[in-house]
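This report concerns only the one structure given below.
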There are 4 protein chains.
Amino acid sequence: MLSFESDYVEGAHEQILRRLAETNLEQLSGYGCDPYCESAKKKIREACGCPGADIYFLVGGTQTNLTVIDGLLAPYEGVIAAESGHVSVHEAGAIEYTGHKVLTLPQHQGKIHADELETYLRTFWEDENHEHMVYPGMVYISHPTEYGTLYSRAELENLSAICEAHQIPLYMDGARLGYGLMSRQTDVTLFDVARCCHAFYIGGTKVGALCGEAVVFPRRSAPKHFLTIIKQHGALLAKGRLLGIQFDALFTDDLYFKISRHAIDMAEFLKKGLRECGIHFHLESPTNQQFVLFRDEDLDRLKKHAALSFWEKPDEDHTIVRLATSWATKEADILTFIKILKEIL
Amino acid sequence: MLSFESDYVEGAHEQILRRLAETNLEQLSGYGCDPYCESAKKKIREACGCPGADIYFLVGGTQTNLTVIDGLLAPYEGVIAAESGHVSVHEAGAIEYTGHKVLTLPQHQGKIHADELETYLRTFWEDENHEHMVYPGMVYISHPTEYGTLYSRAELENLSAICEAHQIPLYMDGARLGYGLMSRQTDVTLFDVARCCHAFYIGGTKVGALCGEAVVFPRRSAPKHFLTIIKQHGALLAKGRLLGIQFDALFTDDLYFKISRHAIDMAEFLKKGLRECGIHFHLESPTNQQFVLFRDEDLDRLKKHAALSFWEKPDEDHTIVRLATSWATKEADILTFIKILKEIL
Amino acid sequence: MLSFESDYVEGAHEQILRRLAETNLEQLSGYGCDPYCESAKKKIREACGCPGADIYFLVGGTQTNLTVIDGLLAPYEGVIAAESGHVSVHEAGAIEYTGHKVLTLPQHQGKIHADELETYLRTFWEDENHEHMVYPGMVYISHPTEYGTLYSRAELENLSAICEAHQIPLYMDGARLGYGLMSRQTDVTLFDVARCCHAFYIGGTKVGALCGEAVVFPRRSAPKHFLTIIKQHGALLAKGRLLGIQFDALFTDDLYFKISRHAIDMAEFLKKGLRECGIHFHLESPTNQQFVLFRDEDLDRLKKHAALSFWEKPDEDHTIVRLATSWATKEADILTFIKILKEIL
Amino acid sequence: MLSFESDYVEGAHEQILRRLAETNLEQLSGYGCDPYCESAKKKIREACGCPGADIYFLVGGTQTNLTVIDGLLAPYEGVIAAESGHVSVHEAGAIEYTGHKVLTLPQHQGKIHADELETYLRTFWEDENHEHMVYPGMVYISHPTEYGTLYSRAELENLSAICEAHQIPLYMDGARLGYGLMSRQTDVTLFDVARCCHAFYIGGTKVGALCGEAVVFPRRSAPKHFLTIIKQHGALLAKGRLLGIQFDALFTDDLYFKISRHAIDMAEFLKKGLRECGIHFHLESPTNQQFVLFRDEDLDRLKKHAALSFWEKPDEDHTIVRLATSWATKEADILTFIKILKEIL
């Protein structure tokens, strides 16, 4: 059975497992106060070009989003996000659970448009009743988005400038940041991300780690007492080493980028195969997630051979599914998959 | 200076003030345990045709919405509402503050459509990822809506049937319920409201009281320990008599309905005058709030004579404003207003 | 039937009712933007000796406490209070509902001791694990306390100095502030309160108003966008005039102080009568609440004639009850009560 | 440098690392829907003697406490705990953050007493004002406690019976449950725990895992939609396998119990050495944490050789420290430690 179900179906990159084993019996202090966390932070600061960045390691994506967003917002503020943003739809109301509204903008292939953001903010402040409304307190974007799409550097800079002008933070959910940075069709570097964002996280869970996300505040502007806020949200890992060692491995010898590039290469290879089969792409994704349309009868047969993710049903007879590659995807599996697909169609 | 700014620009109906004065020095227990609260509940139960209804008196609308909604929802549930619903837009995120998401449906002149509700609910349960999403736990409607429009009895019954089928409560925000029930263009009675809704409130603040809203659970289904929930939300009034006496007066000799009818009559009179002036109505409202379009230069002149509420700007040169009549509106004021308007145009 | 059950068994002082009636049909803007709110604020600022104070009117005590405390605390902070403080025990967990812990100190006749506060704060910061604990973010005191007792000016100044040194706000719950200020045994003036506290509220509900509490930030230090925070907590009254007119009346011609003094005079008269009957006082209260011990069999007979409040049972055969006087207490009722008591004993 | 700082200073038991490596490239579904989670649950159900138990895997202790407690409580309820309980003191207010009060009872070497619990509950319900108070909605105990002490089977049964009588859940924080069960001085088995508790968790983080806690609802009584509640609290791990594989290893061939027993043996060995040195024990702990008193000057010298945890300062010249053994403690290290200690004293 093949699986393109997601980019978290395997365990961890072997280099991570090796480092966990090698360091296993060292006696280290807890809660992130160990030399591996320090080393990982140092390497991430270098990779971001931000020698003074505040960095924290959390365990998972929703947890990171809720903790950072709640930490950055004033109590009367909400977070602006695309209506298709992960925080808007697929986090079980975790943001609202912290007391904050998700203020939605239209999504354009998963992205928000700078002009619509600008209009939203201007309209809010002009509204005579805005004291009775939720203040827009920050902007959330995901990069890559939930549809695998990417902001261009110019788009990022525009969003950043608008946030700057309105003095609200721009926060990037980088659950799949590696796959975004290593896309063949991006002009955005990690330096750009660090320059444009007030806060962002570098996703580990979906890019080779067992778990873990690295939150970066490039301008040294972590919320006050953020460690306590992390603890209060149940997000402080006792054995912080588990996160430190993994990120230290990922940011040694560019491992994070190399394995991300592998996933991109596999995605391009998969796309080529799918195109040869005449498969319809729901949208053009330059990263590791591909959204394609199948006839339901074809899909039923395909599912006997490969696990895919249901995305949505555009009509009675068709289904859009997601196929994800990852750091662990094997070229041979893609060949097999395309071969099966050709037989089915 | 005239005012059509809102339906809460005056104090209270004189009959309410009289009863407050007459009972003023009676020594009564606090927190709603007084004979006037009891009497008011009895009269409201009769007016609703629900001898067993649970009834609670709260102070204001947002407070009532947040307390009832938080009381009815499970922690993992959100409330479905029109995107223009008061809880969606103009309560400063009070619902999210209690930890719950407002799940929005498109608004059609302030109303939600039964078929869109049905689709939303069905789609949610069919979605393979729904465990990662906010469960739709109840439906919020306002009647009259924020645009002054009304559900028909058939529409209410449809919404009620859908909620019933999905076993979630239908809750009606009746901040202006009196004006809805006394409209010349409605087939909905208070009995219908009580039959169709799991919970609703009868608005006092905007219908002749100094403050106060009466929450009704027609099927005796108030959340367990609701008094404590009210207290926990800071919504329990020490001198509960203030609410009991007012609602007792409002539901004596049909006062609530009579003064609501007066507001409707005044609204019809105002509409007639506006039509004579050729004023464009933004939409057709059968209740006490009218939304009309002015050229900005006309509006500027008008505002020297009368207070109106800004609603929205459809374009550079025009503004939509709200004109509200109420239990206290004087026919003479409308005549004067129309006269001024004619001079301006 | 007599009642000494509480200081909120009657309606409002007649002067308040008169002003409500006189202003009833004036058309005023909502949400506190009316001239009566402005006038009341001006008079309160003068009474406090703080020309620049931020002032907000809320409806009730628990609501005020939760809104102010949540507004002043950072998310990772809690509020220090006596273990007998109203916020600790009798507000149904309203403070915790806003996400904040109540950090308790021992109570000494309802008061906290400066040295215990100092020790608590010092110990917290010295604790190597304090990042895993709730930060003490402000101090709550009630004055008079829940036991009717009062801080001396020196005690207030001490608490204020400690808070100043630790840079945390001192907040006073003045639900019965008038009765505290008019006690025959206090050296604390309203000027002292305003000088020592970062925030406090002047209670209306228990001192002659139908409802309403006036929150004062003497140093112009209301939380940013506090109106929106009030709205978000369901605490913003549409007809703000109801609060403005009442406080305007209370702070005209020293009415607030005169009626508070009356309650004190009645309390002293009651105490004298109780002492003549040989009644045991649970503690010495210099304000309008008296806590006395009855044999249960005496109490049972007494309750046929007068309503009292149960406080606690020190043993099988005795009960401590509270007797409260108020702005509305009649001398004749006290005479009758003492007469009945003498017959019973 | 030796370390007895805590029981989470090493990584994971080698058997866990081995299984993580062996299964690493298997493609598994996320969020706990993998065969290793299923297998681990099966084995835990057997170990608990509860074939129908609901089991969920979470990442850490505070996270587990806040999610389970919030899941079990009604909104108006709080959790009863010892004043020294982890949820009371060392979780940064995580419980209050979910909106619930921690209702404290006196601690007796970390434990609560059944009679004090009974009195608390009875007094609450008898209090005429209890509708204005926080309802006691569940009981939290830790076993071993924060002081390493243990409830006897009879004590557990007593607490369980009281909870049963009051129809509130008994919840056990088993962060170090293995060390409690394997103590030489306990009559409590895992079967007893499952029989007496409505919910409990089997700690992994401190007993050999990299991270992870297994929540058990022995009576199939997990809160409705608990997976969504977990997600909403940011506690759902994408790669659920990380937890499943670890607990599957821990509950294979009694590994969990064997390594817990090792820690106990090491603790007994350490205690013997400390006694030989005449060290004063702050209290008698039958588990892996020992609390002992040092003169500060001795401690300063000792700290150059071994890491210990500060606990508290009973006076100017002494300090109580915690020494913890674990599954990973080496006998040789204890010998060295005692040798150093003898030299210092």
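Given the options D:Leu242, D:Leu308, D:Leu236, D:Leu270, name the one that is touching an Asp or Glu at 6+ places or on another chain (Cβ under 7 Å) and of a type outside the set (D, E, K, R).
Only one candidate qualifies: D:Leu308.
Kindly indicate which of A:Val188, A:Val207 is in a loop (DSSP other than H, G, I, E, B) and under 24 Å from A:Ile245 (Cβ atoms). Give the steps one after another, and end with the answer.
Numbers: A:Val188 fails: under 24 Å from A:Ile245 (Cβ atoms).
Criteria check complete, one pass: A:Val207.
Suppose we filter C:Ala175, C:Ala199, C:Ala154 for residues that are within 24 Å of C:His13 (Cβ to Cβ) and of a type in the set (A, V, I, L, M); which single one remains?
On the way: C:Ala199 fails: within 24 Å of C:His13 (Cβ to Cβ); C:Ala154 fails: within 24 Å of C:His13 (Cβ to Cβ).
Going through C:Ala175, C:Ala199, C:Ala154 in turn, just one is within 24 Å of C:His13 (Cβ to Cβ) and of a type in the set (A, V, I, L, M): C:Ala175.
How do the pairs read when you match residues in segment A:178-192 that are touching a residue at least 12 places away in the same chain (Cβ under 8 Å) with residues anywhere that are of a type in the set (Asp, Glu), using Cβ under 7 Å and keeping only pairs 6 or more apart or on different chains?
Short answer, once both residue conditions are applied: A:Arg184/A:Glu268.
If you take the residues in segment A:100-118 that are assigned to a loop (DSSP other than H, G, I, E, B) and surrounded by fewer than 18 Cβ atoms within 10 Å (Cβ to Cβ), which one is nearest to the other protein chains (Cβ to nearest Cβ)?
Filtering segment A:100-118 for residues assigned to a loop (DSSP other than H, G, I, E, B) gives A:100-101, A:106-107, A:109-110, A:112-113.
The next check asks that each one be surrounded by fewer than 18 Cβ atoms within 10 Å (Cβ to Cβ); those that pass are A:106, A:109, A:113.
Values: A:Pro106: 12, A:Gln109: 19, A:His113: 19 Å.
Ranking the qualifying residues of segment A:100-118, first place goes to A:Pro106.
Select from segment A:301-329 the residues that are part of a strand (DSSP E or B) and of a type in the set (S, T, N, Q) and write down the one among them that is farthest from the other protein chains (Cβ to nearest Cβ).
Taking segment A:301-329 and keeping what is part of a strand (DSSP E or B), we get A:306-307, A:309-315, A:318-324.
Cutting the leftovers down to of a type in the set (S, T, N, Q) gives us A:309, A:319.
Details: A:Ser309: 8, A:Thr319: 11 Å.
Going through the qualifying residues, I end up with A:Thr319.
Please work out which residue is farthest from the other protein chains (Cβ to nearest Cβ), limiting yourself to segment C:71-99 and to residues that are more than 20 Å from D:Val87 (Cβ to Cβ) and open to solvent by 10 Å² or more (accessible area, probe 1.4 Å).
Looking at residues that are more than 20 Å from D:Val87 (Cβ to Cβ) and open to solvent by 10 Å² or more (accessible area, probe 1.4 Å), I get C:Ser84.
Can you confirm whether B:Ala161 is open to solvent by less than 60 Å² (accessible area, probe 1.4 Å) and part of a helix (DSSP H, G or I)? Break it down stepwise before answering.
Numbers: open to solvent by less than 60 Å² (accessible area, probe 1.4 Å): yes; part of a helix (DSSP H, G or I): yes.
Here the answer is yes, as B:Ala161 does meet what is asked.
Just checking, how many residues over segment A:98-125 are within 18 Å of A:Asp173 (Cβ to Cβ) and polar (S, T, N, Q)?
4
Looking only at segment A:27-62, how many residues end up being within 9 Å of another protein chain (Cβ to nearest Cβ) and part of a strand (DSSP E or B)?
1
Residues of segment B:277-335 being hydrophobic (A, V, I, L, M, F, W, C) and open to solvent by 50 Å² or more (accessible area, probe 1.4 Å), which ones?
Going through segment B:277-335, the residues hydrophobic (A, V, I, L, M, F, W, C) turn out to be B:277, B:279, B:281, B:283, B:291-294, B:299, B:302, B:306-308, B:310-311, B:320-321, B:323-324, B:327-328, B:332, B:334-335.
Passing the criteria: B:Phe310, B:Trp311, B:Ala332, B:Leu335.
Might you let me know whether segment A:133-154 holds any residue that is within 14 Å of chain D (Cβ to nearest Cβ), of a type outside the set (Gly, Ala, Ser) and closer than 25 Å to A:Ala324 by Cβ? Can you show your working first?
Step one: list which residues in segment A:133-154 are within 14 Å of chain D (Cβ to nearest Cβ), which gives none.
Within segment A:133-154, none of the residues are within 14 Å of chain D (Cβ to nearest Cβ), of a type outside the set (Gly, Ala, Ser) and closer than 25 Å to A:Ala324 by Cβ.
Keeping to segment A:209-224, report how many residues are open to solvent by less than 20 Å² (accessible area, probe 1.4 Å) and either closer than 16 Å to A:Leu190 by Cβ or among the hydrophobic types (A, V, I, L, M, F, W, C) (or both).
Here the count works out to 9.
How about segment B:210-234: which of its residues are in a loop (DSSP other than H, G, I, E, B) and under 20 Å from B:Gly61 (Cβ atoms)? Explain how you work it out, then say what you get.
Initially, segment B:210-234 is screened for residues in a loop (DSSP other than H, G, I, E, B), giving B:210-212, B:218-225, B:233-234.
Of everything in segment B:210-234, those that are in a loop (DSSP other than H, G, I, E, B) and under 20 Å from B:Gly61 (Cβ atoms) turn out to be B:Leu210, B:Cys211, B:Gly212, B:Pro218, B:Ala222, B:Pro223, B:His233, B:Gly234.
Answer yes or no as to whether B:Phe200 is under 14 Å from B:Ala47 (Cα atoms), in contact (Cβ under 8 Å) with a residue 12 or more places away in the chain and part of a helix (DSSP H, G or I). Walk me through how you get there before you give the answer.
Details: under 14 Å from B:Ala47 (Cα atoms): yes; in contact (Cβ under 8 Å) with a residue 12 or more places away in the chain: yes; part of a helix (DSSP H, G or I): no.
When the stated conditions are applied, B:Phe200 does not pass them.
Taking only segment D:5-26 into account, find how many residues are facing another protein chain (nearest Cβ under 7 Å), more than 14 Å from A:Glu22 (Cα to Cα) and surrounded by fewer than 18 Cβ atoms within 10 Å (Cβ to Cβ).
Matching residues across segment D:5-26 total 1.
Which of the residues spanning segment B:235-273 are of a type outside the set (A, V, I, L, M, F, W, C), outside any helix (DSSP H, G or I) and open to solvent by less than 10 Å² (accessible area, probe 1.4 Å)?
B:Lys239, B:Gly240
Go through segment A:126-153 and give me each residue that's in a helix (DSSP H, G or I), closer than 25 Å to B:Ser309 by Cα and at pLDDT 95 or above. Give the derivation first.
Narrowing segment A:126-153 to residues in a helix (DSSP H, G or I): A:126, A:130-132, A:153.
Subsequent filtering for residues that are closer than 25 Å to B:Ser309 by Cα retains A:126, A:130-132.
Correct list: A:His130, A:Glu131, A:His132.
Given the condition open to solvent by less than 20 Å² (accessible area, probe 1.4 Å) and within 14 Å of chain B (Cβ to nearest Cβ), answer yes or no: does some residue in segment C:182-195 qualify?
Pass one, segment C:182-195, residues open to solvent by less than 20 Å² (accessible area, probe 1.4 Å): C:183, C:188, C:190, C:192-194.
Those left that are additionally within 14 Å of chain B (Cβ to nearest Cβ): none.
No; the residues of segment C:182-195 include none that is open to solvent by less than 20 Å² (accessible area, probe 1.4 Å) and within 14 Å of chain B (Cβ to nearest Cβ).
Name every residue in segment D:88-99 that is in a helix (DSSP H, G or I) and among the hydroxyl-bearing types (Ser, Thr, Tyr), in order of residue number. Spell out the reasoning first.
Going residue by residue through segment D:88-99, those that are in a helix (DSSP H, G or I) are D:88-89, D:94-97.
Result: D:Ser88, D:Tyr97.
Does segment A:222-230 contain at least one residue that is within 14 Å of chain D (Cβ to nearest Cβ), in contact with a His (Cβ under 8 Å, 6 or more places away or on another chain) and free of Cβ contacts under 8 Å to residues at least 60 places away in the same chain?
Taking segment A:222-230 and keeping what is within 14 Å of chain D (Cβ to nearest Cβ), we get A:223-230.
Then drop every residue that is not in contact with a His (Cβ under 8 Å, 6 or more places away or on another chain), which leaves A:228.
Imposing the further condition that a residue be free of Cβ contacts under 8 Å to residues at least 60 places away in the same chain reduces the set to A:228.
Yes, there is a match, as at least one residue in segment A:222-230 is within 14 Å of chain D (Cβ to nearest Cβ), in contact with a His (Cβ under 8 Å, 6 or more places away or on another chain) and free of Cβ contacts under 8 Å to residues at least 60 places away in the same chain.
Picking from C:Leu156, C:Leu121, which residue would you name as being surrounded by 20 or more Cβ atoms within 10 Å (Cβ to Cβ) and in a helix (DSSP H, G or I)? Reasoning before the result, please.
Working: C:Leu121 fails: surrounded by 20 or more Cβ atoms within 10 Å (Cβ to Cβ).
None of the other options fit; the residue is C:Leu156.
The values are calculated or read from the model by the stated rules, or taken from the named source; none is laboratory data. Keep in mind that this is a model prediction, so the values were computed, not measured. Note that we place each Cβ from the backbone using ideal geometry, even for glycine, and neighbour counts take in every protein chain shown. Just so you know, the surface numbers come from the protein's heavy atoms only, side chains and all, with ligands and any DNA or RNA stripped out. Shrake-Rupley method; radii C 1.70, N 1.55, O 1.52, S 1.80 Å.
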